[in-house]
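Working notes, structure below.
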Amino acid sequence: MFPVTVAEFKAYCLDEKIDFSKFPRPSWGWIDDHPMIRVNWREARDFCIWAGGDLPTEAQWEKAARGEDGREYPWGDEWDPTCCQCSWRTLGDAESTSPVGSYPSGASPFGCLDMAGNVWEWCLDWYQDGYAGQSDHNPTGPESGTSCVMRGGSWFYRDSKNFRTTRRKHLGPWFHNYDRGFRLAGPA
C-alpha cells in the first residue's frame, strides 16, 4: 500500500549484510519514514523478493492507482496539488520527499497511498512503446529490454501531467536518483 521506507530498507540491509552507506545520501539526509530512494531496479527487486513479494507489474501498478473506474489521478479526475508531495508553482518547491503516507486525501480507490508524487516508482516490466493494456488480465511487458518502467511522478515535478495514473517513464535498470523509489507487491 505504501512505498518502501528508508527504515524498511535499512532493516533489509542489516539482515542481508549490505553496506547501507553505499547508497548516496540525499541532501535532506536519510529519514526513516521517507521513501527509500537512490536504489536501482535490481536493488529494489532484491528487497522485494527478500520481503516475500516482488515489484508490481506495470498493469498492477496502474490498476492500484486508477481503480476500476479509470481515474485520471489516484484521488479522482481533477488535479489537486494538495493530494501529493509535489513542487506545484503555488505551493513552492517541495525540496524533498515527504514521510510515506502523508497525503491520505490522495489515496487510490484501493487505499494505496503515494501513487502520485513523492517518488517515481520502479515496476517489474521492461519498457515497450505503446503500453495500453494489451490484454485484459495483467498484461506484462517484453521478456527483456534495455529500460524498465517507472510510474507515479515525483516531488520534484511541477506539471500535473506527470502525476496522471497513466503517465509512464522508462530508465535503464542500473539508474538511481533522488526522486526514484519503489513499492512492494505481495505474492501473486
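The values are calculated or read from the model by the stated rules, or taken from the named source; none is laboratory data. It should be emphasised that the depicted structure is a prediction, and the values quoted were computed from it without experimental measurement. Note: ideal-geometry Cβ built from the backbone for every residue, glycine included; neighbour counts use all protein chains shown. Just so you know, the surface numbers come from the protein's heavy atoms only, side chains and all, with ligands and any DNA or RNA stripped out. Shrake-Rupley method; radii C 1.70, N 1.55, O 1.52, S 1.80 Å.
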**Prompt:** Amide H of Ala185: which non-local residues (sequence gap of 5 or more, or other chain) have their own amide H closer than 5 Å, using H built in the peptide plane?
**Reply:** Asp54, Leu55
**Prompt:** With all protein chains present and a 1.4 Å probe, how do Met1, Met115 order by accessible area, largest first?
**Reply:** Met1, Met115
**Request:** Using a 1.4 angstrom probe on heavy atoms only, work out the carbon and sulfur share of the accessible area of the chain in %.
**Result:** 50
**Prompt:** What value, in deg cm²/dmol to 500, does the helix sum -39500 (n - 2.57) over DSSP H runs of n ≥ 4 give at 222 nm once divided by the residues of the chain?
**Reply:** -4500 deg cm²/dmol
**Item:** About the Cα centre, charge dipole magnitude for the stretch 1-119 (Lys/Arg +1, Asp/Glu -1 at Cβ), debye
**Value:** 380
**Message:** Cut-off 10 angstrom, C-alpha nodes, Gaussian network model of the chain. Which of Asp77, Asp129, Asp33 fluctuates the most?
**Reply:** Asp129
**Prompt:** In a shell of Cβ-Cβ distance under 11 Å around Tyr103, excluding Tyr103 itself, what net charge do Lys and Arg (+1) and Asp and Glu (-1) give?
**Reply:** -2
**Asked** Among residues other than Pro3 whose Cβ falls under 9 Å from its Cβ, what is the net charge (Lys/Arg +1, Asp/Glu -1)?
**Response** -1
**Asked** What FRET efficiency comes out for the pair Glu95/Ser21, r = Cβ-Cβ distance, R0 = 22 Å, nearest 0.05?
**Response** 0.40
**Request:** With a 10 Å radius around each residue's Cβ, average the other Cβ atoms per peptide and rank 117-125, 54-62, 99-107, highest first.
**Result:** 117-125, 54-62, 99-107
**Dipole axis of the stretch 1-121 (+1 Lys, Arg; -1 Asp, Glu on Cβ), positive-most option in Ser96, Ser27, Trp120** = Ser27
**Item:** Tyr157 accessible area, 1.4 Å probe, all protein chains in place, Å² to nearest 10
**Value:** 50
